[in-house]
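Note sheet for the following structure.
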Amino acid sequence: MLLEAPAVKVFDEPRAKCVKCGAPARIRLNYANAWLCDAHFKEYLKERVKGNLLKYNMVKGGDTLLLAVSGGKDSVALMSLLDEIAPELKVNVVAVHIVLGMGEFSDRSLEAFKAACSRARNIRCVTIDLKEVLGMYMPEVIRRSRRPACSVCGLVKRYLLNALAASMGASAIATGHHMNDLMTYAVKNFLQQRLDNITKLGPVSESEGSAVKRVRPLYDIYEDEIRAFVKVYGVNHVDIECPFKTRSTVEEAIKESLNRIEAESPSTLISSARALAKGLSSYPRPASPPNRCRYCGMPASGDECGFCRLTERLTGSPMGPDVVRKVESIAKSITA
Ligand code: AMP
Ligand code: ZN
Ligand code: ZN
């Protein structure tokens, strides 16, 4: 089957010579028509991620970058690469994991995060426990809100990340989104003609109001490359799915189709992702929220931000200011 022709494949034994050093190589990059040894594969990924950080002005020397780590393979792999890149670029990286309280999924995610933190030499780590800052974990938030799980969870995570980045003085928030997912969302949004959403799927989305810009250093890295990296380097990560995740058949079909196109015509996806990154400046920009939340001061489209509106519905009072205060004291514990 075509899907058995991944963009990148790791063999158990070397099958050819590394194009960089001639040593025995077991990593096949179909899209680049090349073989690499384990060490040069890591070097290659690291240089591409570093190149993205510089090319798109994601960070500059002296900046603090907040890295959001879920414990899944993508953000854990990014953390491992950034651990080596941070001193070279003289950037301070702080990794944050939000503990959502979703049973085994969250327990294992936290374990993977802790393992990544104990391996990292140049990254400081912090966790935000949702119950400590909000008084309840995500399953209760979802149940009480009666809204789709992913949208509520996304809103809460975005709010916490923005609050932490602002109180730490971070210049950007990095996430582990990789090319296959970003291109899947781009195609889906194209089909729905929600072109302004596509601007949020490139390497950088500019900040809105008091929120901090988002950067995606893995925007042109194949998911297969991340799989290969965690396998070759034995990087711990969670491989179970979020129990609240609803399967989107459209997204799955698009993702599979893109993989099939890539198998038929290697490197199509990486060329498209890079072309999209270049072309994004001509896309319609999403309107910036024009107001500030009357409770917490975060960007808002009406009088209140989405988080204060949500928490007012859940608890009877808007929790934004209280949550921001608690997140500020977490930020102090890292900067101290
Ligand atoms: P997902 O939507 O679950 O694929 O996550 C996308 C990105 O959001 C991940 O690569 C992380 O950078 C970030 N993220 C997701 N969940 C968490 C979490 N619980 N704590 C911190 N960052 C997260
Ligand atoms: Zn080599
Ligand atoms: Zn608010």
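When each of the peptides 130-141, 189-200, 238-249, 77-88 is scored by the mean number of other C-beta atoms lying within 10 Å of its residues, the order from highest to lowest reads 77-88, 130-141, 189-200, 238-249. For the chain, DSSP calls about 40 percent of its internal beta bridges antiparallel. Classify segment 56-335: rounded, prolate or oblate, from the alpha-carbon gyration tensor (a ≥ b ≥ c, eigenvalue square roots; a/c under 1.5 rounded; otherwise prolate if a/b is larger than b/c)? Judged from the Cα gyration tensor, segment 56-335 comes out rounded (a/c under 1.5).
Taking the Cβ of LEU314 as the centre, find all other residues whose Cβ is under 15 Å away and add up their charges (Lys, Arg: +1; Asp, Glu: -1).
Numbers: positive: LYS131, ARG143, ARG144, ARG146, ARG147, ARG309, ARG313; negative: GLU140, GLU304, GLU312, ASP322.
Overall, the nearby charge balance is +3.
Which FRET efficiency, nearest 0.05, do GLU328 and LYS17 yield, Cβ-Cβ r, R0 41 Å? With R0 = 41 Å, the Cβ-Cβ based efficiency is 0.15.
Think of the chain as a dipole: +1 on every Lys or Arg Cβ, -1 on every Asp or Glu Cβ, centred on the Cα centre; then among GLY22, GLY62, VAL250, GLY62 lies furthest on the positive end. Only the Cβ atoms of Lys and Arg (+1) and of Asp and Glu (-1) were treated as charged; on that basis the dipole of the chain about its Cα centre amounts to roughly 520 debye.
Near LYS17, which aspartates and glutamates are there with a Cα under 17 Å away, not counting those fewer than 8 places off in the same chain? LYS17 reaches ASP38, GLU43. What the phi angles of segment 294-308 give under the Karplus curve with 6.51, -1.76 and 1.60, with θ = phi - 60°, is a coupling list of 6, 8, 10, x, 6, x, 8, 7, x, 7, 10, 7, x, 5, 5 Hz, glycine and proline written as x.
Computed from backbone phi, the HN-Hα couplings of segment 260-269 come to 5, 4, 4, 5, 6, 9, x, 5, 4, 5 Hz, rounded to whole numbers (Karplus: 6.51 cos²θ - 1.76 cosθ + 1.60, θ = phi - 60°; Gly and Pro given as x).
Each peptide in 321-331, 302-312, 114-124, 220-230 was scored by the mean count of other Cβ atoms within 10 Å over its residues; highest first, the order is 220-230, 302-312, 321-331, 114-124.
Rounded if a/c is under 1.5, else prolate if a/b is larger than b/c, else oblate: which is segment 135-201, with a ≥ b ≥ c the root eigenvalues of its Cα gyration tensor?
On the way: a/c = 2.48, a/b = 1.24, b/c = 1.99.
Note, shape of segment 135-201 comes out oblate.
Across the accessible surface of segment 192-243, with the other protein chains kept in place and a 1.4 Å probe, carbon and sulfur atoms take up 42 percent. Between segment 1-65 and segment 233-272, how many Å separate their Cα centres? Distance between centres, Cα-based: 18 Å. Taking every DSSP helix (H) stretch of at least 4 residues in the chain, weighting each as -39,500 (n - 2.57) and dividing the sum by the residue count yields a mean residue ellipticity at 222 nm of -15500 deg cm²/dmol. The mean sequence separation of alpha-carbon pairs under 8 Å and at least six residues apart, normalised by the residue count of the chain, gives a relative contact order of 20 percent.
The values are calculated or read from the model by the stated rules, or taken from the named source; none is laboratory data. Not measured: the values here are computed from a predicted model. Methodologically, a virtual Cβ is constructed for each residue, glycine included, from the backbone with ideal geometry; neighbour enumeration extends over all protein chains shown. We work out accessible area using only protein heavy atoms, side chains counted, and drop any ligands, DNA or RNA first. Shrake-Rupley method; radii C 1.70, N 1.55, O 1.52, S 1.80 Å.
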